[in-house]
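What follows is a short report on a single structure.
The values are calculated or read from the model by the stated rules, or taken from the named source; none is laboratory data. Bear in mind that the values here come from a model prediction, so they are computed numbers and not experimental data. Positions of Cβ are generated from backbone atoms using ideal geometry, with glycine treated the same way; all protein chains shown enter the neighbour counts. For accessibility, only protein heavy atoms count, side chains too; no ligands or nucleic acids. Shrake-Rupley method; radii C 1.70, N 1.55, O 1.52, S 1.80 Å.
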Number of protein chains: 2
Amino acid sequence: MSTTTLPITDSAACCAPLTREALGASQADGLARSLKALADPTRLRLISIVAASEGQEACACDLTAPVGLSQPTVSHHLKVLTDAGFLSRSQRGTWAHFALVPGALDSVARLLTSA
Amino acid sequence: MSTTTLPITDSAACCAPLTREALGASQADGLARSLKALADPTRLRLISIVAASEGQEACACDLTAPVGLSQPTVSHHLKVLTDAGFLSRSQRGTWAHFALVPGALDSVARLLTSA
């Protein structure tokens with residue numbers, strides 16, 4: 001038995017795709033917040049690297065070199081993704097590790113899909 | 001026979017979901033641009049109203065009241081969505097009409113979906 005779906009926000013979890021019925025104001029606010037967290041090239045690359053890593057998890061120490069940015073900048077972007085519910089963070093000794101939250105990207109994708 | 005897929009950008013059209021392999025820099029740029037165009041509550045409501053309208057098309061004259069904003073502000077948001085390839089615009093007499101571009105939202109959704 002597994003629990004694989006952790007919706008990022010109530011608004012992302014609750015609603016029909018936006019092509020099916022007009023979004024209410026609060027639903028639109030929630031989805032816009034989620035999309036804003038994703039709408040940055042560095043954050044997309046970071047979430048993608050984590051997702052493509054073994055176990056969909058990566059050490060922060062392995063995330064700076066691929067994107068070519070400083071540790072503080074990468075930490076900021078990882079915090080935005082964690083606050084938005086796309087990544088989860090766990091500390092192990094010196095380094096934080098980040099894992100993809102199962103179902104979070106799918107919740108957003110579902111809202112954008114017309115089928 | 002129908003052609004229902006008009007990918008918004010090459011980057012959105014070409015690539016595997018971001019959870020499958022690490023996104024390259026240019027692919028991340030393209031997807032971030034598309035997500036930025038969507039990441040606004042008013043724009044999400046506008047695209048949703050158009051998509052839920054008959055024939056997935058609406059007159060600009062019917063789009064100001066539902067979002068409670070001025071015509072120039074709504075026109076700006078519609079232009080952002082049109083420039084990003086999510087809506088198409090056609091002039092009929094006095095008013096512009098906006099239609100959902102088939103497949104454009106789905107292209108973005110596909111990149112975010114893990115399945």
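Results, tabulated for the structure shown:
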| quantity | calculated |
| --- | --- |
| Qualifying positions in region B:90-115 - part of a helix (DSSP H, G or I) and touching a residue at least 40 places away in the same chain (Cβ under 8 Å) | B:Ala104, B:Leu105, B:Asp106, B:Ser107, B:Val108, B:Arg110, B:Leu111, B:Leu112 |
| Leading residue by the ranking (modelled with the highest pLDDT) among those in region A:1-30 that are in a loop (DSSP other than H, G, I, E, B) and of a type in the set (A, V, I, L, M, F, W, C) | A:Leu23 |
| Any chance B:Arg33 is at pLDDT 95 or above, in a helix (DSSP H, G or I) and either open to solvent by 30 Å² or more (accessible area, probe 1.4 Å) or closer than 24 Å to A:Val101 by Cβ (or both) | yes |
| Some residue of region B:76-89 being open to solvent by 50 Å² or more (accessible area, probe 1.4 Å), over 30 Å from A:Ala58 (Cβ atoms) and assigned to a strand (DSSP E or B) | yes |
| Hits in region B:90-105 (condition: under 10 Å from the mean Cα position of the chain (by Cα) and open to solvent by 40 Å² or more (accessible area, probe 1.4 Å)) | B:Pro102 |
| Complete set of residues in region B:64-75 that are of a type in the set (S, T, N, Q) and assigned to a loop (DSSP other than H, G, I, E, B) | B:Ser70 |
| Region A:41-68: number of residues that are in contact (Cβ under 8 Å) with a residue 40 or more places away in the chain and at the interface with another protein chain (Cβ under 7 Å from one of its Cβ atoms) | 2 |
| Output for region B:78-113, where each listed residue is in contact with a strand residue (DSSP E or B) (Cβ under 8 Å, 6 or more places away or on another chain), among the hydrophobic types (A, V, I, L, M, F, W, C) and more than 9 Å from chain A (Cβ to nearest Cβ) | B:Leu78, B:Leu81, B:Phe86, B:Leu87, B:Trp95, B:Ala96, B:Phe98, B:Ala99, B:Val101 |
| Restricting region A:61-73 to residues that are hydrophobic (A, V, I, L, M, F, W, C) and closer than 18 Å to A:Arg92 by Cα, the residue that is surrounded by the most Cβ atoms within 10 Å (Cβ to Cβ) | A:Leu63 |
